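Student: Take this structure, written in structure tokens, and hold onto it; I'll ask about it next.
The values are calculated or read from the model by the stated rules, or taken from the named source; none is laboratory data. For clarity, every value in this text was computed on a predicted model and none was experimentally measured. In this analysis, Cβ positions are derived from the backbone assuming ideal geometry, glycine residues included, and neighbour counts consider all displayed protein chains. All accessible areas refer to the heavy atoms of the entire protein, side chains included, with ligands and DNA or RNA removed. Shrake-Rupley method; radii C 1.70, N 1.55, O 1.52, S 1.80 Å.
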Amino acid sequence: MSGKSYDNIPGTVIFDAEQARKGYHLNQFCMSLMKAPNRARFLANERTYLDEWPMSEDQKQAVLARDYNRMISLGGNVYFLAKIFATDGKSFQYAAALMTGMSQEAYANMMLTGGRKVSDPIGDVNQGRAG
Amino acid sequence: MAHISAGIACSHVPAIGAAWDLGKAGDDYWKPLFEGFEFTKQWEKANKPDVVFLVYNDHATAFSLELIPTFAIGCGESFQPADEGWGARPVPVVEGAPELAAHIAQSVIEDEFDLTIVNKMDVDHGLTVPLSLMFGKVDQWPCKIIPFAVNVVQYPPPSGKRCYHLGKAIARAIKSFPEDLNVQIWGTGGMSHQLQGPRAGLINREWDNEFLDRLIENPEDLSKMPHIEYVREAGSEGVELVMWLIMRGALSAQVELVHRFYHVPASNTAVGHLILKNRD
């Protein structure tokens with residue numbers, strides 16, 4: 001989809017109605033991980049758990065690979081995806097570093113020195129709206 | 001009659017709650033942040049509100065994609081701290097102010113802002129982290145709290161202008177409540193941060209500080225800022241800052257700046273904080 005005023009911001013997918021529609025089941029799967037028994041069942045057999053949800057194969061593969069940029073391009077929203085990395089015992093900073101392609105240490109250091117500037121180039125990590 | 005004595009702005013980062021709960025507030029990393037709120041904790045003791053009207057956003061906790069209210073007012077007796085996937089924060093239950101909340105809901109809806117009324121919901125770090133920052137570690141929150149959740153997760157959130165005018169309607173509602181109550185209004189979220197994609201880690205110190213200047217001095221002009229500028233300059237999650245305009249809209253045109261603080265970083269986020277004394 002083109003012609004949206006926010007489509008040309010580098011390295012950024014805006015979670016709008018179109019993305020929310022595509023990612024509905026992916027995000028609702030994430031919500032199910034709010035409950036401890038579901039977290040345990042997911043970790044015991046991820047593929048089986050994912051197959052209970054009417055998600056696309058691409059979405060399931062992205063979850064299994066913990067490819068957060070891919071999940072976002074397929075309609076995931078970071079506040080929902082947070083339930084996955086929380087299940088893995090990981091922090092927002094861990095996930096953010098992963099999405100930038102930086103090591104967690106380099107990312108943490110960037111934040112300590114004032115964060116990424118608007119004018120800074122972004123890393124060579126594929127991301128965008130997937131069709 | 002009820003009156004609004006002050007407005008407070010502050011960011012709400014889950015890592016701040018975790019640092020606080022795990023006793024890391026004195027660590028080198030967190031100390032400068034928590035020190036910025038020392039003044040506020042003393043100030044809140046000296047200026048204790050009866051009720052806080054707390055504008056925040058839910059982070060896929062109480063509201064999934066099943067239901068996405070743009071503006072939701074908590075009218076219940078109490079609200080439980082939510083389990084966001086890490087277990088619930090060890091903080092007191094949030095006691096509501098159902099009579100005032102119901103009055104505000106009726107008044108604001110009659111004033112043409114169509115709120116969603118929520119009588120039962122859990123409240124996440126968006127609401128409980130600001131409470132910890134302002135009140136510290138307590139067995140019971142020192143006042144009643146009206147949670148007011150704004151959708152900033154699915155785009156588009158309400159416009160800055162809509163938020164600013166809603167703040168004015170909330171102020172009219174509070175001032176027409178017959179009980180003599182000291183009410184504070186808090187706007188939370190922001191400042192610049194982006195949690196997603198290759199551009200994660202964005203911080204814009206200059207833009208944030210200009211936002212603070214304009215919020216204090218010229219909020220009506222600031223309220224006209226389009227979403228795209230928030231997203232481009234303050235990051236995809238920086239758009240949460242529209243919530244601060246609800247708080248500011250509820251205050252007088254001229255306000256007295258009591259306290260101002262800005263710190264980078266809290267995990268991925270720039271933290272801003274203001275105490276503004278109302279002159280109405």
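Student: Within region B:122-150, can you find the residues that are surrounded by 19 or more Cβ atoms within 10 Å (Cβ to Cβ) and in a loop (DSSP other than H, G, I, E, B)?
Tutor: Once the filter is applied, which keeps residues that are surrounded by 19 or more Cβ atoms within 10 Å (Cβ to Cβ) and in a loop (DSSP other than H, G, I, E, B), region B:122-150 yields B:ASP124, B:CYS143.
Student: When the residues of region A:81-126 are filtered to those that are of a type in the set (D, E, K, R) and assigned to a helix (DSSP H, G or I), which remaining residue is farthest from the other protein chains (Cβ to nearest Cβ)?
Tutor: Within region A:81-126, the match that is farthest from the other protein chains (Cβ to nearest Cβ) is A:GLU105.
Student: Restricting the search to region B:240-280, which residues are within 25 Å of A:PHE15 (Cα to Cα), in a loop (DSSP other than H, G, I, E, B) and hydroxyl-bearing (Ser, Thr, Tyr)?
Tutor: Across region B:240-280, the qualifying residue is only B:SER267.
Student: Which condition number does A:TYR6 fail, the rest of (1) within 8 Å of chain B (Cβ to nearest Cβ); (2) part of a helix (DSSP H, G or I) being met?
Tutor: (2)
Student: Identify, please: which residue in region B:223-239 is assigned to a loop (DSSP other than H, G, I, E, B) and charged (D, E, K, R) and is, among those, surrounded by the fewest Cβ atoms within 10 Å (Cβ to Cβ)?
Tutor: Within region B:223-239, the match that is surrounded by the fewest Cβ atoms within 10 Å (Cβ to Cβ) is B:LYS224.
Student: Given the options A:ARG66, A:ARG70, A:ARG41, name the one that is over 13 Å from the mean Cα position of the chain (by Cα), at pLDDT 95 or above and more than 9 Å from every other protein chain (Cβ to nearest Cβ).
Tutor: A:ARG41
Student: Go through region B:74-90 residue by residue and tally those that are open to solvent by less than 30 Å² (accessible area, probe 1.4 Å), more than 25 Å from A:LEU81 (Cα to Cα) and not small (Gly, Ala, Ser).
Tutor: Selection size over region B:74-90: 1.
Student: Let me ask you something else. I'm trying to understand the selection: among the residues of region B:200-210, which are within 9 Å of another protein chain (Cβ to nearest Cβ) and open to solvent by 10 Å² or more (accessible area, probe 1.4 Å)?
Tutor: The answer is B:ASN204, B:ARG205, B:TRP207.
Student: Is there a residue being under 19 Å from A:TYR6 (Cα atoms), in contact with a strand residue (DSSP E or B) (Cβ under 6 Å, 6 or more places away or on another chain) and either in contact (Cβ under 8 Å) with a residue 60 or more places away in the chain or part of a loop (DSSP other than H, G, I, E, B) (or both) anywhere in region B:174-183?
Tutor: Checking region B:174-183: not a single residue is under 19 Å from A:TYR6 (Cα atoms), in contact with a strand residue (DSSP E or B) (Cβ under 6 Å, 6 or more places away or on another chain) and either in contact (Cβ under 8 Å) with a residue 60 or more places away in the chain or part of a loop (DSSP other than H, G, I, E, B) (or both).
Student: In region A:24-71, how many are touching a residue at least 40 places away in the same chain (Cβ under 8 Å), among the charged types (D, E, K, R) and more than 27 Å from A:ILE122 (Cα to Cα)?
Tutor: The total comes to 1.
Student: Let me ask you something else. What number of residues within region A:1-27 are open to solvent by 20 Å² or more (accessible area, probe 1.4 Å) and at pLDDT 95 or above?
Tutor: Counting residues in region A:1-27 that are open to solvent by 20 Å² or more (accessible area, probe 1.4 Å) and at pLDDT 95 or above gives 6.
Student: Out of curiosity, is B:GLU256 open to solvent by 10 Å² or more (accessible area, probe 1.4 Å), more than 10 Å from chain A (Cβ to nearest Cβ), touching a strand residue (DSSP E or B) at 6+ places or on another chain (Cβ under 6 Å) and not small (Gly, Ala, Ser)?
Tutor: Criteria met by B:GLU256.
Student: Still on this model: Of all residues in region B:21-56, how many are in contact with a Lys or Arg (Cβ under 8 Å, 6 or more places away or on another chain) and open to solvent by 80 Å² or more (accessible area, probe 1.4 Å)?
Tutor: Going through region B:21-56, the residues in contact with a Lys or Arg (Cβ under 8 Å, 6 or more places away or on another chain) turn out to be B:21, B:25, B:30, B:50-52.
Cutting the leftovers down to open to solvent by 80 Å² or more (accessible area, probe 1.4 Å) gives us none.
Here the count works out to 0.
Student: Can you spot a residue in region B:205-222 that is in a loop (DSSP other than H, G, I, E, B) and touching a residue at least 12 places away in the same chain (Cβ under 8 Å)?
Tutor: no
Student: Would you check if there is a residue in region B:60-73 being open to solvent by less than 60 Å² (accessible area, probe 1.4 Å) and free of Cβ contacts under 8 Å to residues at least 12 places away in the same chain?
Tutor: Within region B:60-73 (the criterion being open to solvent by less than 60 Å² (accessible area, probe 1.4 Å) and free of Cβ contacts under 8 Å to residues at least 12 places away in the same chain), the answer is yes, since at least one residue qualifies.
Student: Further, regarding this structure: Would you check which residues across region A:82-115 are under 14 Å from B:ASN268 (Cβ atoms) and open to solvent by less than 10 Å² (accessible area, probe 1.4 Å) and list them?
Tutor: Within region A:82-115, A:ALA82, A:PHE85, A:ALA95, A:ALA96, A:ALA97, A:MET99, A:THR100, A:TYR107, A:MET111, A:GLY115 meet the criteria.
Student: Considering (1) open to solvent by less than 10 Å² (accessible area, probe 1.4 Å); (2) in a loop (DSSP other than H, G, I, E, B); (3) under 20 Å from B:SER11 (Cα atoms), say which one B:GLN154 fails and leave the rest.
Tutor: Exception for B:GLN154: condition (1).
Student: Related question: Taking interchain pairs and intrachain pairs at least six residues apart, which have beta carbon atoms under 7 angstrom, with the first residue in region B:103-128 and under 16 Å from B:ALA2 (Cβ atoms) and the second of a type in the set (S, T, N, Q) and open to solvent by 30 Å² or more (accessible area, probe 1.4 Å)?
Tutor: B:SER107/B:SER176
Student: For region B:225-253, which positions are more than 14 Å from every other protein chain (Cβ to nearest Cβ) and touching a residue at least 40 places away in the same chain (Cβ under 8 Å)?
Tutor: B:LEU241, B:VAL242, B:MET243, B:TRP244, B:LEU245, B:ILE246, B:MET247, B:ARG248, B:GLY249, B:ALA250, B:LEU251
Yes/no per residue for (1) more than 19 Å from B:PHE177 (Cβ to Cβ); (2) under 17 Å from the mean Cα position of the chain (by Cα); (3) hydroxyl-bearing (Ser, Thr, Tyr):
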position	(1), (2), (3)
B:SER64	yes, no, yes
B:ARG89	yes, no, no
B:LEU131	yes, yes, no
B:VAL138	yes, no, no
